[in-house]
1. Considering only residues of segment 1-25 that are in contact (Cβ under 8 Å) with a residue 60 or more places away in the chain and part of a loop (DSSP other than H, G, I, E, B), which is surrounded by the most Cβ atoms within 10 Å (Cβ to Cβ)?
2. Note down all Cβ pairs under 9 Å where the first residue falls in segment 192-211 and is more than 23 Å from Gly88 (Cα to Cα) and among the acidic types (Asp, Glu), the second is at pLDDT 95 or above and buried (at least 22 other Cβ atoms within 10 Å of the Cβ), and they're at least six residues apart or on different chains.
3. Could you tell me which numbered condition Pro55 fails, if it satisfies all but one of (1) within 24 Å of Val191 (Cβ to Cβ); (2) out of contact with any helix residue (DSSP H, G or I) (no Cβ under 9 Å at 6 or more places or on another chain)?
4. Pick out, from segment 127-186, the strands (runs of 3 or more DSSP E) lying fully within it that include 2 or more residues that are farther than 16 Å from Val197 by Cβ.
5. For the list (1) in contact with a Ser or Thr (Cβ under 8 Å, 6 or more places away or on another chain); (2) over 22 Å from Thr111 (Cα atoms), I need the number of the one condition that His12 fails.
6. Looking at segment 32-99, what strands (runs of 3 or more DSSP E) fall wholly within it and have at least 3 residues that are touching a strand residue (DSSP E or B) at 6+ places or on another chain (Cβ under 8 Å) and free of Cβ contacts under 8 Å to residues at least 60 places away in the same chain?
Amino acid sequence: MITVRRSEDRGHANHGWLQSQHTFSFASYFDPNHMGFGPLRVINEDRVQGGQGFPTHGHRDMEIISYVIDGALEHKDTLGTGSVIVPGDVQRMSAGSGIRHSEYNHSPADTVHFLQIWIIPAKEGIRPSYEQKRFTAEEKTGQWRLVGSPDGRDGSVTIHQDVNLYAALVKSGDSIEHHTRPDRNLWVQVVRGGVSVNGKRLKAGDGAAIEDEDLIELVASTDSEVLLFDMTSRF
């Protein structure tokens, strides 16, 4: 079963310096029918103007993943971590027992466009931690590249939940498959381009919840970038 979440149906927040679209309920946007999908709690598509950003604020008990689409995002936290995240990077911050951080557009002029993803961890109160890794376009072209996993295998960042996160770049007309067990849940998020997933057409910003399937075939109608979450259905 595939349930499509259309880009235009997402929540929207306009803060002037920030344009944000919410796949699931977040902040002042509340929709009881879209509170998350399994442990996947937040997918926000954010565009932050040059020189602007989120001042230092706190989080607890959440796995937070930043995935930059265009531009550069500057991160600082109370662990002493300071980094700049650019396209190709995957950043994972485990808030655990408590962490404070800030996120700013690294450019004074250009917009930064990124996805902020929150995943509910399997265990509360873990030690806060930070991880950032780079994955080349060659690794992701024409195939699913594992970029996040519970055990950090194959060079992926470690997610403290039973979630495997994949990224792929698919050229127009090409297709890729993903095999899983029917007791797993999948979420596909189209970052850019347009694809069909088992015959369902999706465009940039669209997502799809997939249940009771053991195989998905993704076909690109134009050059596309896609994320795939393969996660526990026992949540």
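The values are calculated or read from the model by the stated rules, or taken from the named source; none is laboratory data. Keep in mind that what you see is a predicted model, and the values were worked out from it rather than measured. Here the Cβ positions follow ideal geometry from the backbone for every residue, glycine too, while neighbour counts run over all protein chains shown.
1. Among them, the one singled out is Thr23.
2. Pairs found: Glu211/Asn185; Glu211/Leu186.
3. Tallying (1) within 24 Å of Val191 (Cβ to Cβ); (2) out of contact with any helix residue (DSSP H, G or I) (no Cβ under 9 Å at 6 or more places or on another chain), Pro55 fails exactly one: (1).
4. Numbers: elements: 129-134, 145-149, 163-170, 175-179.
Strands (runs of 3 or more DSSP E) meeting the threshold: 129-134, 145-149, 163-170.
5. (2)
6. On the way: elements: 40-48, 53-59, 63-70, 73-77, 82-85, 89-94.
Once the strands (runs of 3 or more DSSP E) in segment 32-99 are filtered for at least 3 residues that are touching a strand residue (DSSP E or B) at 6+ places or on another chain (Cβ under 8 Å) and free of Cβ contacts under 8 Å to residues at least 60 places away in the same chain, what remains is 53-59, 63-70, 73-77, 82-85.
Here's the yes/no breakdown for (1) of a type in the set (A, V, I, L, M); (2) surrounded by fewer than 19 Cβ atoms within 10 Å (Cβ to Cβ):
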residue: Ala27; (1), (2): yes, yes
residue: Gly38; (1), (2): no, no
residue: Glu45; (1), (2): no, no
residue: Pro55; (1), (2): no, yes
residue: Arg60; (1), (2): no, yes
residue: Ile64; (1), (2): yes, no
residue: Tyr67; (1), (2): no, no
residue: Glu74; (1), (2): no, yes
residue: Asp77; (1), (2): no, no
